[in-house]
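Here's the structure we're looking at; comments come further down.
The values are calculated or read from the model by the stated rules, or taken from the named source; none is laboratory data. None of these values were measured; they are calculated from a predicted model. Every residue, glycine among them, receives a Cβ derived from its backbone with ideal geometry; neighbour counts consider all protein chains shown. These area figures cover heavy atoms from the full protein model, side chains too; ligands, DNA and RNA do not enter into them. Shrake-Rupley method; radii C 1.70, N 1.55, O 1.52, S 1.80 Å.
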Amino acid sequence: MAGAGPSGKSGKDAAWAPLALPLMLPTWAVIGFFLLLPVLLMVVYSFLTKEFRGGVIWEFSLAAYDQFFISRGLFGDEPASIEWTYIGIFWRSLWQAAVATGLCLLIGFPTAWFIATRPPASRSIWLFLVTIPYWVNLLIRTVSLKFLIRDNGPLNEFLMGIGLTSGPLPLVNTNLAVQLGLFYSYLPFMVLPIYAAVERYNFALSEAAADLYASRWRTLREITLPVVKPGIIAGCLLVFIPSLGAFLAPDLLGGAKTFMIGSLIDEQFKGSQGNWPFGAAISVILMSLVLLSLLFYARAQRSQK
Amino acid sequence: MKGVRHFPGFLAITLVCLIVLYAPLLVVTVYSFNGSTSITQWGGFSWRWYIDVFTGPEAPRFGLAARNSLTIAVLAATAATIIATAASLAMVRGGKFRGRNASFALINLPLMVPEIVTAVAMLIFFTMIGIKTGYGTILIAHIAFCIPFAYLPIAARLQGIEPFYEEAARDLYASRARAFAHVLLPLMAPGVISGWLLAFIISLDDFIITNFVKGAGMETLPTAIFGSVKQGIKPNIMAISTLMLLASASLVTLSWLINRKGQRSP
């Protein structure tokens, strides 16, 4: 999250205090009017009635949420039971996002640790190398990954060339491809907060443990990890949240079997087949999941203190 | 005491991490110089796809999309930077004003709401209040979600500037505006410039929100590329990708160098 938080040294530095409100006004006008208000309206919208041509009628309706959670059979005349289609898509998205987060942690933690323990002069260069790809257009990165791992792409040619596989590995359109795509999209989000935590860590604590004959791994597990845990949780959240609502990686690298929330929402706003209140309802459910993750994060942070 | 800092294999994993991050980009860069029309066969080194980007049959479409992307990014980054500079003055130098916590949450809101949800909310909003989607709605959306990215480096920089520079100027009877323009703003410049550059890149990068609020017939570079890639990856896309890759990498390098230089002076 951005610096200058509520805990900033706000007491002493008050030279601009008389102008604080007017200075904040443009931010309130733009983000408040064009983002906060639309999000609130979206919640209202999800409770409206769908019109035939993709619009809405201003009449309260639970139809969108009903469609999401409850099944009444193909013709709507069967007894109500739980609709698994959309819950299934959410479950798959949660799983894909969790695997991607795990992959990022597996590679990101050692990387962040390695960089944070370099001499200060070379640290920023390593860090820079890790962050550059993040600033390259996400669409281009995803397309590049697809080009690399496609059936007759360079990766498969290489693997067959060195005799590791006899035929091309069908990677595209699999869950693994989507997980790789998400991993590739958000890896720097894992590295940066863990790096910040490890860099601040006082290694004298580890040295004390080592002096008392704790092994290196035991020191890492019992002394270091609890201290750098907030960085790890922040990293996991920064990868997990965008992965959950990701659109490009599942859309370009996956197929019908790897359909995720992002594509489901996107579909509701396309052409005359769309269902805007339903799309709004799915967005509201997705946002609630994200808010829950953030609350979990806030609680984990508080229990640290 | 090397022992507690160094773990076997961490260097190897870091290298794996870098290979994973760079391999796809390098492969596409190499293949953008492929002389063959097939993306699988290597037909020798050639500039033909770069020439195709500027003169080929798709050149007008991508040219227009690139112009839209660039003008939107310049306007959105400039507006977001001005708004974020004002906000950082209030947040860092404004003391404990009313609504400070809410303001902080609001600045970060674009980072907390998933992109696709922002996209849906904005589309519904624009449709509801009857604004026709197009260039204007893309621009408004981009300004809104670029603010936190511009704010980040500007506020960080401002926090590092001791208040006494400005106080000295004020003690010498400089008006608030003069002290700001001649003392504080030059000191903040590295943060303001990197804030602008980050906002610019973020705006160029955006696909999802733009795709929702762009309306029919309007294209930016990412939406045009997406439309083309849906029909399969063609060599001219790889040339465009390499050009964009170069542009982003040089802008980030520039921002990094400016920030590093800024950290050395006061």
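For region B:117-139, a residue qualifies if it is in a helix (DSSP H, G or I) and free of Cβ contacts under 8 Å to residues at least 60 places away in the same chain, and the qualifying residues are B:VAL117, B:ALA121, B:ILE124, B:PHE125, B:THR127, B:MET128, B:GLY136.
Which residue pairs have Cβ atoms under 8 Å apart, sit 6 or more places apart or on different chains, and have a first residue in region A:8-32 that is hydroxyl-bearing (Ser, Thr, Tyr) and a second that is modelled with pLDDT under 95 and in a loop (DSSP other than H, G, I, E, B)? Close Cβ pairs (under 8 Å, with a partner that is modelled with pLDDT under 95 and in a loop (DSSP other than H, G, I, E, B)) amount to A:SER10/B:GLY94; A:SER10/B:GLY95; A:SER10/B:LYS96. Checking region B:48-60 against the condition returns a match, with at least one residue being open to solvent by 40 Å² or more (accessible area, probe 1.4 Å), out of contact with any Lys or Arg (no Cβ under 8 Å at 6 or more places or on another chain) and over 15 Å from B:ALA239 (Cα atoms). Could you list, in sequence order, all residues of region B:210-266 that are outside any helix (DSSP H, G or I) and open to solvent by less than 40 Å² (accessible area, probe 1.4 Å)? Matches in region B:210-266: B:LYS214, B:GLY215, B:MET218, B:THR220, B:GLY232, B:ILE233. Within region B:1-31, the only residue that satisfies the criterion of being within 20 Å of A:VAL136 (Cα to Cα), out of contact with any helix residue (DSSP H, G or I) (no Cβ under 6 Å at 6 or more places or on another chain) and of a type outside the set (A, V, I, L, M, F, W, C) is B:TYR22. Please enumerate the residues belonging to region A:137-176 that are in contact (Cβ under 8 Å) with a residue 24 or more places away in the chain and within 12 Å of chain B (Cβ to nearest Cβ). Passing the criteria: A:LEU138, A:LEU139, A:ARG141, A:THR142, A:VAL143, A:LEU145, A:LYS146, A:ILE149, A:VAL172.
Restricting the first member to region B:152-171 and to residues that are closer than 15 Å to A:ALA15 by Cβ, and the second to residues that are open to solvent by 60 Å² or more (accessible area, probe 1.4 Å) and part of a loop (DSSP other than H, G, I, E, B), the beta-carbon pairs closer than 9 Å and six or more apart or on different chains are B:GLN159/A:LYS9; B:ILE161/B:PRO266; B:GLU162/B:PRO266; B:PRO163/A:LYS12; B:TYR165/B:PRO266.
Every test in (1) buried (at least 19 other Cβ atoms within 10 Å of the Cβ); (2) farther than 30 Å from A:ARG216 by Cα; (3) at the interface with chain A (Cβ under 7 Å from one of its Cβ atoms) is passed by B:ASN108 save one, and that test is (1). Filtered by the rule that a residue be assigned to a helix (DSSP H, G or I), loosely packed, with under 12 Cβ neighbours inside 10 Å and not acidic (Asp, Glu), region B:164-181 gives B:PHE164, B:ALA177. Taken together, A:ALA116, A:ALA80 contain a single residue that is in contact with a Phe, Trp or Tyr (Cβ under 7 Å, 6 or more places away or on another chain) and among the small types (Gly, Ala, Ser), which is A:ALA116.
Of the set (1) within 25 Å of B:LEU243 (Cβ to Cβ); (2) free of Cβ contacts under 8 Å to residues at least 12 places away in the same chain, all apply to A:TYR134 but (2). Checked across region A:124-135, the condition of being open to solvent by 10 Å² or more (accessible area, probe 1.4 Å) and part of a loop (DSSP other than H, G, I, E, B) holds for no residue.
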